[in-house]
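Let me begin by presenting the structure, written as structure tokens, before commenting on it.
The values are calculated or read from the model by the stated rules, or taken from the named source; none is laboratory data. What you see is a predicted model, and the numbers here were worked out from it, not measured in a lab. Cβ: placed from backbone, ideal geometry, glycine included. Neighbour counts: every protein chain shown. To get the accessible areas, we keep the full protein, side chains included, count just its heavy atoms, and leave off ligands, DNA and RNA. Shrake-Rupley method; radii C 1.70, N 1.55, O 1.52, S 1.80 Å.
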Amino acid sequence: MKPVPLTILHSNDMHGDFTAEMRAGQTTLVGGLSLLSGYINAVRASERNVLYVVAGDMLQGSLIDSEYRGASTIEIMNYLAPDLVTLGNHEFDYGLPHMLFLERVANFPIVNANLYIKKYNKRLMQPYHIIQKDGIEILFIGIITEKVMAGLNDSQIASFISLEDAASEVGRITNAYKHDDIDLTVLLTHIGYESDVELASLLRPEWGVDLIIGGHSHTILEQPTLVNGVLIAQAGVGTDQIGRFDLIVDEETNRIADYRWQLVPINTDTATPDRDLEAFIDSFQEVVERKYNTVITRFAQALGHPRRDVETPLGNLIADALAESTRVDVMLQGSGAIRFKELGPLVTLGQLVACFPFDEALSRYTVTGAQLKRIFGHIMRPENRTGEGECYQVNRGVRAVYCDAERRLRELWVRGAAVEDAATYSLCISAYHEKSAAAFLGVSLEELLASGPHRVVSTSLRDVLEEYLRAHQGLNAAVEGRLVYV
């Protein structure tokens with residue numbers, strides 16, 4: 001046995017979390033790419049064999065990213081020099097052609113195995129990458145979530161793309177490329193923790209997968225989960241922490257002989273800032289601050305949005321603003337599209353754009369009460385609240401009560417009255433949720449189109465919000481029991 005030490009550092013769902021912050025009651029700066037770079041540089045200098053990988057969603061969540069359509073983020077990631085990255089669904093937010101442009105800007109390999117160009121049965125991206133370190137070879141395979149299909153905003157291009165079964169693609173690649181010299185096999189995934197667990201259970205032992213390093217669900221783990229002989233890890237969200245595997249790889253058996261994993265906090269106690277990277281980020285920051293540092297409104301107090309699967313004060317305010325502006329009975333505002341955990345009390349244009357980076361069209365549909373009950377029963381079901389589902393915030397006048405034990409919607413009220421199956425109601429959703437209505441709402445787009453009058457009420461959700469907030473100062477909101485789980 002020739003034991004070889006290997007350290008794998010891993011991030012996921014960084015979402016443009018570029019700058020460090022000082023939290024209330026603390027004296028140390030937390031997170032930010034300067035400190036993250038400092039930590040990575042220190043590990044690279046002190047350990048024998050080090051890899052840094054990113055499990056998707058580098059883009060979105062910051063004003064710098066939005067202003068430069070992701071090119072700034074890739075430039076900054078070039079500075080960090082990851083050894084490998086896999087695609088996340090938000091890498092497609094600026095469109096498929098732009099994603100392919102960003103892939104060329106990157107100085108690091110970006111892998112994905114399960115996105116195909118349908119007509120030619122050919123993979124869209126490089127499916128795998130082999131890295132050699134100190135005589136051992138590590139095979140990395142990239143896998144992405146099905147939610148990427150909803151993010152392909154050009155319907156003509158999207159019709160040429162298919163998403164193939166993840167386990168089958170892993171099997172094909174390991175069968176073809178995992179030879180005797182491959183000592184470690186790692187799946188770099190962006191499908192969510194629960195889906196990682198399911199994927200691991202489907203893998204055949206002969207394929208020899210050792211690790212799944214994942215993203216998408218923003219899951220914090222105390223220790224990796226072992227499923228079917230495969231270790232699964234994820235590192236939360238943003239840059240406040242980084243995952244670290246310290247492995248001993250057995251060259252003779254091509255397996256992990258021993259390992260230690262930890263979720264390392266990134267702060268001024270654990271890392272020294274990388275001042276060169278800090279200056280590089282500041283060069284982008286100065287440009288966007290000159291453009292966006294104007295006050296839009298002032299709330300009565302700071303409004304929180306701590307979780308996407310529960311009703312929140314900020315979510316209520318946004319849903320109310322959009323419902324009033326679009327004149328609808330029910331506004332379904334995607335919780336995941338609200339990127340800040342807290343906003344206000346002072347709100348600048350820059351904060352508004354960073355909090356709502358997805359500037360989408362809004363459409364109004366006419367639905368029956370029976371359809372509305374199906375929608376709420378679908379979006380409130382327990383399996384949609386695991387961190388991987390599409391959850392929503394709703395406007396004032398809506399009250400929905402769901403019973404987890406009975407797995408059914410008990411009550412639904414709209415306009416202050418119980419919903420009647422035969423009555424009709426107006427419903428507003430964004431383009432992203434419209435395109436994937438069957439999966440996200442439990443009612444197909446074809447059914448929505450056939451149910452009654454419909455129209456695009458705004459081509460820019462962000463324009464609606466900006467105008468509403470400018471015209472309404474001192475707004476406040478609280479959790480009112482609009483979405484209730486019993």
Any chance Glu383 is of a type outside the set (A, V, I, L, M, F, W, C), closer than 20 Å to Ala438 by Cα and crowded, with 16+ Cβ neighbours inside 10 Å: no
From the options Ile256, Ile182, residue that is in contact (Cβ under 8 Å) with a residue 60 or more places away in the chain and within 23 Å of Val43 (Cα to Cα): Ile256
Number of positions in the range 17-38 that are at pLDDT 80 or above and either under 27 Å from Ser217 (Cβ atoms) or within 22 Å of the chain's Cα centre (by Cα) (or both): 11
Every pair of residues 6+ apart whose Cβ atoms lie under 7 Å, when the first sits in the range 433-449 and is aromatic (Phe, Trp, Tyr) while the second is crowded, with 19+ Cβ neighbours inside 10 Å: Phe440/Glu390; Phe440/His433
Matching entry among Glu169, Glu91, Glu137 (being outside any loop (DSSP other than H, G, I, E, B) and touching a helix residue (DSSP H, G or I) at 6+ places or on another chain (Cβ under 8 Å)): Glu91
Which numbered condition Leu163 fails, given (1) of a type in the set (A, V, I, L, M, F, W, C); (2) surrounded by fewer than 22 Cβ atoms within 10 Å (Cβ to Cβ); (3) within 26 Å of Val287 (Cα to Cα); (4) under 19 Å from the mean Cα position of the chain (by Cα): (3)
Residues located in the range 393-424, provided they are more than 21 Å from Ala323 (Cα to Cα) and among the basic types (Lys, Arg): Arg407, Arg408, Arg410
Residues being open to solvent by 40 Å² or more (accessible area, probe 1.4 Å) and not basic (Lys, Arg) - total across the range 339-367: 6
Near pairs, Cβ below 8 angstrom, 6+ apart or cross-chain, from the range 334-352 (under 19 Å from Asp463 (Cβ atoms) and touching a residue at least 60 places away in the same chain (Cβ under 8 Å)) to any residue that is in a strand (DSSP E or B) and of a type in the set (Phe, Trp, Tyr): Gly334/Tyr392
Count of residues meeting criterion [under 21 Å from Ala431 (Cα atoms) and either among the β-branched types (Val, Ile, Thr) or open to solvent by less than 10 Å² (accessible area, probe 1.4 Å) (or both)] in the range 39-61: 3
Residue in the range 180-196 that is modelled with pLDDT under 95, buried (at least 16 other Cβ atoms within 10 Å of the Cβ) and in contact with a Leu (Cβ under 6 Å, 6 or more places away or on another chain) present: yes
Failed item, numbered, when Val148 is tested on (1) surrounded by fewer than 23 Cβ atoms within 10 Å (Cβ to Cβ); (2) modelled with pLDDT under 95: (1)
Members of the range 112-134 that are not small (Gly, Ala, Ser) and not in a strand (DSSP E or B): Asn112, Asn114, Lys118, Lys119, Tyr120, Asn121, Leu124, Met125, Pro127, Asp134
Subset of the range 63-83 (residues that are open to solvent by less than 10 Å² (accessible area, probe 1.4 Å), modelled with pLDDT under 90 and within 16 Å of the chain's Cα centre (by Cα)): Asp65
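Every residue, every condition in (1) among the hydrophobic types (A, V, I, L, M, F, W, C); (2) part of a loop (DSSP other than H, G, I, E, B), yes or no:
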| position | (1), (2) |
| --- | --- |
| Leu6 | yes, no |
| Gly56 | no, yes |
| Tyr79 | no, no |
| Val85 | yes, no |
| Glu103 | no, no |
Conditions (1) open to solvent by 10 Å² or more (accessible area, probe 1.4 Å); (2) of a type in the set (Val, Ile, Thr); (3) touching a Leu at 6+ places or on another chain (Cβ under 9 Å); number of the one not met by Val170: (1)
Matching residues, the range 439-486, being aromatic (Phe, Trp, Tyr) and part of a helix (DSSP H, G or I): Phe440, Tyr468
Among (1) touching a residue at least 24 places away in the same chain (Cβ under 8 Å); (2) within 25 Å of the chain's Cα centre (by Cα), the one test that Gln262 misses: (1)
Exclusive hit being within 27 Å of Thr294 (Cα to Cα), modelled with pLDDT of 95 or more, open to solvent by less than 20 Å² (accessible area, probe 1.4 Å) and over 24 Å from the mean Cα position of the chain (by Cα), set Leu469, Leu427, Leu475: Leu469
Set Lys133, Lys119: member being over 22 Å from the mean Cα position of the chain (by Cα), within 21 Å of Ala166 (Cα to Cα), surrounded by fewer than 21 Cβ atoms within 10 Å (Cβ to Cβ) and touching a residue at least 40 places away in the same chain (Cβ under 8 Å): Lys119
